[in-house]
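K.L.:
Shown below is the structure under consideration.
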Amino acid sequence: MSLTTPFPEPDSPELERFAIYSRTEIVALLRQLRDKQVLVTLYYDQSAGFTVSNVLDVNEGFEELILDRTSDANVQRAIYASKQLIVVAFLDNVKLQFSVGTAEAVDYQDRPSFRVRLPQQLLRMQRRNSYRRQPPAMRPATCLVPSPREPGQYESVRVLDLSVGGIALFVHPIQFDLPAEHNLENCYLDLPDVGQITVALRVRYVDAQTGADGVRRCGCEFVNLSESAARMLQRYLNKLDAAARSHPAAPDAAAA
């Protein structure tokens, strides 16, 4: 993926892990584009043409997004003729991308503009600045997560890898059928030789494919990780790094 270029990312199952469907989050990100006056690249005519614009307003009540209109008449006609428009922007070094339908000409505060419906999905893509570490198979890290089917009950799931930003879990889809952006509060992450920390997790993706034993990889990010928990997590990651250095044959940490 070209996360540092303004070109749209082509449709791919891999993009699902970056997808945001929450209306609240989508509106909040669009308003940040407006408030910070971030330039956006608008692709039209099946991405054959593009122009630069910016977000003028986000009207959640009317389900509309107002964008600045280019002065080029030919580009205007091409935009209005397009069935789909793709918008790409960078917000604090995070690449945002979303698609909208047809555009309609409007005047916004005496300014030539056009409006489109708010996107139903938005991609928020960022290269992680940390590394994933894999706990040793002989002393695995585990996480107790609330059971979605039995209130008050917990399930112990294996941690596949982890970083300061989040963890990947091995889950069974029948017991752990959760949508992306679902929050899991009061989870207990057991780190061998370090201790147990309480964490809140946000589900970022669940792999569509199951393994041979019917389990799936589930990627989660930490939400509002406390300072004490962050210190314990970093201590555990440092121990994994030290063990890897003392055993060169061990698998290297994977870049996230």
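Taken together, the values in this text are just the output of simple stated rules run on the coordinates, not laboratory data. Predicted model, so just to flag it, every value in this text is computed and none were measured. Positions of Cβ are backbone-derived with ideal geometry, glycine not excepted, and every protein chain shown enters the neighbour counts.
K.L.:
How about region 33-132: which trypsin sites (Lys or Arg not before Pro) there are in a DSSP loop, with at most 16 other Cβ atoms within 10 Å of their Cβ?
P.N.:
Working: sites: Arg34, Lys36, Arg69, Arg77, Lys83, Lys95, Arg115, Arg117, Arg124, Arg127, Arg128, Arg132; in loops: Lys36, Arg69, Lys83, Arg127, Arg128.
Sites meeting the loop and neighbour criteria: Lys36, Lys83, Arg127, Arg128.
K.L.:
Okay, moving on. Let me know the shape class of region 1-86, please: from the alpha-carbon gyration tensor, a ≥ b ≥ c as square roots of the eigenvalues, rounded when a/c is under 1.5, otherwise prolate if a/b is greater than b/c, or oblate. Walk me through the intermediate numbers first.
P.N.:
Details: a/c = 1.67, a/b = 1.11, b/c = 1.51.
Cα axes put region 1-86 in the oblate bin.
K.L.:
Now, a different point. Quick one: 3J(HN,Hα) in Hz for region 108-117, Karplus 6.51/-1.76/1.60 with θ = phi - 60°, rounded, Gly and Pro as x.
P.N.:
So the Karplus estimates, Gly and Pro as x, are 10, 6, 6, 10, x, 8, 9, 10, 9, 6 Hz.
K.L.:
Let me ask another. Report the local net charge at Asp207: Lys and Arg +1, Asp and Glu -1, summed over other residues whose C-beta lies under 12 Å from its C-beta.
P.N.:
Result for the neighbourhood of Asp207: +2.
K.L.:
Please give every one of the aspartates and glutamates within straight-line cross-link reach of Lys239, meaning a C-alpha to C-alpha distance under 20 Å, and leave out same-chain neighbours fewer than 8 residues apart.
P.N.:
Cross-link targets: Asp161, Asp190, Asp193, Glu227, Asp252.
K.L.:
Multiply the residue separation of Asn74 and Ser12 by 0.36 nm, subtract the distance between their alpha-carbon atoms, and state the gained length in nm to one decimal.
P.N.:
Extra length from Asn74 to Ser12 when fully extended: 19.2 nm.
K.L.:
Additional query: Can you tell me which lysines have their Cα less than 21 Å from the Cα of Lys36? Leave out same-chain residues fewer than eight positions away.
P.N.:
Lys95
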